[in-house]
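The values are calculated or read from the model by the stated rules, or taken from the named source; none is laboratory data. Bear in mind that the values here come from a model prediction, so they are computed numbers and not experimental data. Because the Cβ atoms are built from the backbone with ideal geometry, glycine has one as well, and the counts that use them run over all protein chains shown. Keep in mind that these areas ignore ligands, DNA and RNA; they rest on the heavy atoms of the full protein, side chains included. Shrake-Rupley method; radii C 1.70, N 1.55, O 1.52, S 1.80 Å.
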Amino acid sequence: MVILATMVALMQGWGWGPALAQLPNPLGGSGNGGPPLGVQRIGVLEVTPLILDGNTLFDIASPVVFNRSEPGDLVPVEVRARQVETHLNQVVGQALQYRNLNGIDLNGEPDASTLDSQDFIQVRIEEINQLPVLMAIVGHLPDPRGLLTVTDSDAQYHGLTKLELAETWQTILEEALQDALVSRLPGALRQRLRRTGLIVLAGLLGTLALAGTWQMLGWHKHRLEQRKANQGRHLPPALADSPGDPQSAVWPYTISLDHRLQLVALLRWLMFWGMAFVWIMALAGVMYQFPQTRRYAVGLFSTPVLLLLTWFVTGLINRVANLTIDRIASAWEKNELGSAENIQHKAMRISTITRAAKGFKTTVIYVLALLWVLQMLRLAPASLLAVGALVALALSFAAQNLVKDLVNGFLILLEDQYAIGDLVSTGQVTGIVENLNLRITQIRGEDGRLVTLPNSIISQVENLSRTWSRATIRIDVAYGTQVDHALAVVHRTAQQMGQDPSWSYVILDPTEILGVEAISHAGLTLLLWIRTRPLQQFAVAREFRRRLRLALGQEGIAIGVPQQVFLGDASPATENPLAPALGGEAHD
């Protein structure tokens, strides 16, 4: 509570604008006649705040100075503000010295019999050269000290007469000077030290509480990860799932466990940022307790706090958006209407769209946050224009291809041409799609190479795993083999494999096409098509070839072997080389 109260006082005392006014421009100041950081230009006037002990008193105005290196007879408003602040600090120092010399007890407290603290510093209005001048009188000293002249620019900016504005400022300055004097007394010093100790103690307790929660959440996250890993090891393979209800028993629990992991990760992230904010607020509160460091507390912590707050809020929005996208994807994926093939393809498409949406969303959020920070820091327009020109020049070379990539990537997702996990072939690249976003597509080839393709160069894609796949098997048997017998063996082997519980789920049609594909000198080529679930054609083809080899061996069917004929042999048995294979005699 002490830290929170101190930070509220900081925000009320100095605000973001005056705090930023104390910091140098990180891009090198203003240029082309622009005002410096902390100075606001309104028409023909320039305005800046007046600050005492880190507290903003009011705004003062001066005519516009376009060239600060050669201001001529004009005084820049920031120079005028620093002069007034110097006068105020000198008055407080003079009052403190006078009070110590004229009344102080042994305990370091002012003697109550001396001058009344409420009237110790008085501010009066005197007219000099037809302008109201605010003068400070310390105790019974005869010579008043000039503080501030109320000018026509001040009256014009505030919309009051010079005398009305002088009376308003008189009250503000008198209270501010009295507060500044009291804050420098020994009793106030002891009070500030006590507050400092409470702030440090509160910071330590808050840090311990947040660190303990962070550690407990880490243990809980480790347990959830172990449960998820154990769950994955005990899940049956995809081939063993029943065709009517694939993974229905474990799918809802998996989604719930993933959401719990995301929630724990978010809470740990919040705890970490909470510890950072606790110490930032504690340090700012400690520095704000002392008038000598109050301005540095404002100046040194305003921009870092702004950046950290922006980073925190941006990261929080990004994580919440990720959770929202995951929730939407989960709800979409739980809608299990349709066949098993459509459900599996929908899961792949949802995963692809989710990853692309998260990447696009993250880019937009952080770009908007960067623009907001630049606006809050009030960076010099000339510097922003220079940086913007460089960025525009760099983007002009890549904008054309980048726009093509984004448009083509959007169309790929919209038209559902392929998704992450699909087997595709484009150009000379064939493999599994591992990553897909609005700009690039990454394909993992069969040799393990990861090929990255800009979406703009993808003009034709062959999707080998959309809805279903096909295992194409060609078998060469000897020319003299009985065709019907060989086809019956192939058909029987395919049917038996299709009825096997280990393979029945992935085989949709064991004999989609079966027949003689070709006749050549090597024998007969039999063709078999087996329709399978997506990406299962390779495993099915390998297992079928193994089973068919055993079946052909049991039936005595030989594979085709190329025939060689020597034309120089004129014996009747070789005049017709096909006669032995046909089982007949050769005739002229």
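Here is how the numbers come out for the structure above:
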{"read-out": "Hits in segment 426-442 (condition: under 25 Å from residue 536 (Cβ atoms), in contact with a Gly (Cβ under 9 Å, 6 or more places away or on another chain) and open to solvent by 20 Å² or more (accessible area, probe 1.4 Å))", "value": "429, 430, 432, 434"}
{"read-out": "Selection within segment 447-477 - open to solvent by 80 Å² or more (accessible area, probe 1.4 Å) and under 18 Å from residue 559 (Cα atoms)", "value": "474"}
{"read-out": "Those residues of segment 499-542 which are among the charged types (D, E, K, R) and in contact with a Ser or Thr (Cβ under 9 Å, 6 or more places away or on another chain), in sequence order", "value": "509, 517, 531, 533"}
{"read-out": "Among residues of segment 132-161, those that are in contact with a strand residue (DSSP E or B) (Cβ under 6 Å, 6 or more places away or on another chain) and open to solvent by 60 Å² or more (accessible area, probe 1.4 Å), counted", "value": "2"}
{"read-out": "Subset tally (residues that are under 19 Å from residue 409 (Cβ atoms), open to solvent by 80 Å² or more (accessible area, probe 1.4 Å) and within 10 Å of the chain's Cα centre (by Cα)) for segment 351-377", "value": "2"}
{"read-out": "Candidates 184, 227, filtered to the one that is out of contact with any strand residue (DSSP E or B) (no Cβ under 9 Å at 6 or more places or on another chain), under 20 Å from residue 123 (Cα atoms), among the charged types (D, E, K, R) and touching a residue at least 12 places away in the same chain (Cβ under 8 Å)", "value": "184"}
{"read-out": "Scan of segment 450-492 for residues that are closer than 23 Å to residue 536 by Cβ, part of a loop (DSSP other than H, G, I, E, B) and either among the charged types (D, E, K, R) or under 33 Å from the mean Cα position of the chain (by Cα) (or both), ordered by number", "value": "461, 465, 466"}
{"read-out": "One residue from 57, 96, 88 being touching a Lys or Arg at 6+ places or on another chain (Cβ under 9 Å) and in contact (Cβ under 8 Å) with a residue 60 or more places away in the chain", "value": "96"}
{"read-out": "Residue under evaluation residue 519, criteria (1) assigned to a helix (DSSP H, G or I); (2) open to solvent by 20 Å² or more (accessible area, probe 1.4 Å); (3) in contact with a strand residue (DSSP E or B) (Cβ under 8 Å, 6 or more places away or on another chain), criterion not met", "value": "(1)"}
{"read-out": "Count of residues meeting criterion [modelled with pLDDT of 80 or more, outside any helix (DSSP H, G or I) and on the phi < 0 side of the Ramachandran plot] in segment 158-194", "value": "2"}
{"read-out": "Check on residue 293, modelled with pLDDT under 80, in a helix (DSSP H, G or I) and either open to solvent by less than 40 Å² (accessible area, probe 1.4 Å) or among the aliphatic types (A, V, I, L, M) (or both)", "value": "no"}
{"read-out": "Candidate set: segment 205-215, residues that are free of Cβ contacts under 8 Å to residues at least 60 places away in the same chain and surrounded by 13 or more Cβ atoms within 10 Å (Cβ to Cβ); chosen: the one farthest from residue 283 (Cα to Cα)", "value": "213"}
{"read-out": "Output for segment 478-514, where each listed residue is over 12 Å from residue 548 (Cα atoms), of a type in the set (A, V, I, L, M) and surrounded by 14 or more Cβ atoms within 10 Å (Cβ to Cβ)", "value": "478, 506, 507, 508, 514"}
{"read-out": "Matching residues in segment 127-183 - criterion: being within 19 Å of residue 56 (Cβ to Cβ) and of a type in the set (Lys, Arg)", "value": "none"}
{"read-out": "Options 412, 420; residue that is in a helix (DSSP H, G or I) and either closer than 13 Å to residue 465 by Cβ or open to solvent by less than 70 Å² (accessible area, probe 1.4 Å) (or both)", "value": "412"}
{"read-out": "Exclusive hit being open to solvent by less than 30 Å² (accessible area, probe 1.4 Å) and either at negative phi or hydroxyl-bearing (Ser, Thr, Tyr) (or both), set 79, 47", "value": "47"}
